[in-house]
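J.: One structure follows; several queries about it will come next.
The values are calculated or read from the model by the stated rules, or taken from the named source; none is laboratory data. Just so we're clear, the structure is a prediction, and the values are computed from it rather than from any experiment. A quick note on method: Cβ atoms are made from the backbone with ideal geometry, for glycine too, and the neighbour counts reach across all protein chains shown.
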Amino acid sequence: MRRGDIYRVAKPPGNDPKKYRYFVVVSRPALIKSRFSTVICAPIYSMHDGLSTQVEVGVDEGLKHDSSIHCDALMSLPKSVLTHYVGHLSAARLRALDRALAIALHLDGGH
């Protein structure tokens, strides 16, 4: 498992009406490799609102259709549910993800 990996998760947490949801791992590598049982992930939705906190993804990343990563909806997921690997973000998409996360979390570098 590494930062930028996309996984399909069955029975997503919360009140998600979907049978499964795609998530991208956004945690730092040290946390991913640690014995800590959870990692921070961003959900992927089929809708794209054009917000600066969303990153467009699609077939190139292993998804069935155009979608977007929603950085305003981060959640901690158990590593144990991240078993159905789908794909990995390109270097350009990872940079876009970093910008969207900085904006979502109101960090320096996010404008």
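J.: Can you find a residue that is hydroxyl-bearing (S, T, Y), part of a loop (DSSP other than H, G, I, E, B), surrounded by fewer than 14 Cβ atoms within 10 Å (Cβ to Cβ) and modelled with pLDDT of 95 or more anywhere in the range 85-105? Talk me through it step by step, then tell me what you get.
T.: At the first step, the residues of the range 85-105 found to be hydroxyl-bearing (S, T, Y) are 85, 90.
Still in the running and part of a loop (DSSP other than H, G, I, E, B): 90.
Going one step further and asking which of them are surrounded by fewer than 14 Cβ atoms within 10 Å (Cβ to Cβ), we end up with 90.
Right, trim to modelled with pLDDT of 95 or more and you get 90.
Yes, because at least one residue in the range 85-105 is hydroxyl-bearing (S, T, Y), part of a loop (DSSP other than H, G, I, E, B), surrounded by fewer than 14 Cβ atoms within 10 Å (Cβ to Cβ) and modelled with pLDDT of 95 or more.
J.: Just to verify a result, which residue in the range 2-15, among those that are assigned to a loop (DSSP other than H, G, I, E, B), at negative phi and touching a residue at least 24 places away in the same chain (Cβ under 8 Å), is surrounded by the fewest Cβ atoms within 10 Å (Cβ to Cβ)? Spell out the reasoning first.
T.: Of all residues in the range 2-15, those assigned to a loop (DSSP other than H, G, I, E, B) come to 2-4, 11-15.
Add one more test, that the residue is at negative phi, and what stays is 2-3, 12-13, 15.
Filter again for touching a residue at least 24 places away in the same chain (Cβ under 8 Å), leaving 2-3, 12-13.
Working: R2: 10, R3: 19, P12: 19, P13: 14.
For the range 2-15, the residue satisfying everything is R2.
J.: Mind listing whichever residues of the range 16-42 are modelled with pLDDT of 95 or more, among the hydroxyl-bearing types (S, T, Y) and part of a strand (DSSP E or B)?
T.: Y22, T38
J.: Another question, if that's okay. Could you figure out which of (1) of a type outside the set (D, E); (2) outside any strand (DSSP E or B); (3) surrounded by fewer than 13 Cβ atoms within 10 Å (Cβ to Cβ) isn't true of S76?
T.: Checking S76 against (1) of a type outside the set (D, E); (2) outside any strand (DSSP E or B); (3) surrounded by fewer than 13 Cβ atoms within 10 Å (Cβ to Cβ), the one that fails is (2).
J.: Also, I was wondering about something else. Would you check which residues across the range 74-101 are without any contact (Cβ under 8 Å) to a residue 60 or more places away in the chain, out of contact with any helix residue (DSSP H, G or I) (no Cβ under 9 Å at 6 or more places or on another chain) and of a type in the set (A, V, I, L, M, F, W, C) and list them?
T.: The answer is A91, A92, A96.
J.: For the range 43-56, does any single residue satisfy the condition of being part of a helix (DSSP H, G or I), over 16 Å from P12 (Cβ atoms) and free of Cβ contacts under 8 Å to residues at least 24 places away in the same chain?
T.: Pass one, the range 43-56, residues part of a helix (DSSP H, G or I): none.
Within the range 43-56, not a single residue is part of a helix (DSSP H, G or I), over 16 Å from P12 (Cβ atoms) and free of Cβ contacts under 8 Å to residues at least 24 places away in the same chain.
J.: Let me ask something additional. If you check V39, V24, which single one turns out to be free of Cβ contacts under 8 Å to residues at least 60 places away in the same chain, buried (at least 20 other Cβ atoms within 10 Å of the Cβ) and not basic (K, R)?
T.: Numbers: V24 fails: free of Cβ contacts under 8 Å to residues at least 60 places away in the same chain.
Answer to the selection: V39.
J.: Considering every residue within the range 34-44, establish whether at least one is within 16 Å of M75 (Cβ to Cβ) and in contact with a His (Cβ under 7 Å, 6 or more places away or on another chain). Talk me through it step by step, then tell me what you get.
T.: Restricting attention to the range 34-44, the residues satisfying the condition of being within 16 Å of M75 (Cβ to Cβ) are 36-44.
Subsequent filtering for residues that are in contact with a His (Cβ under 7 Å, 6 or more places away or on another chain) retains 42-43.
Yes, the range 34-44 has at least one match.
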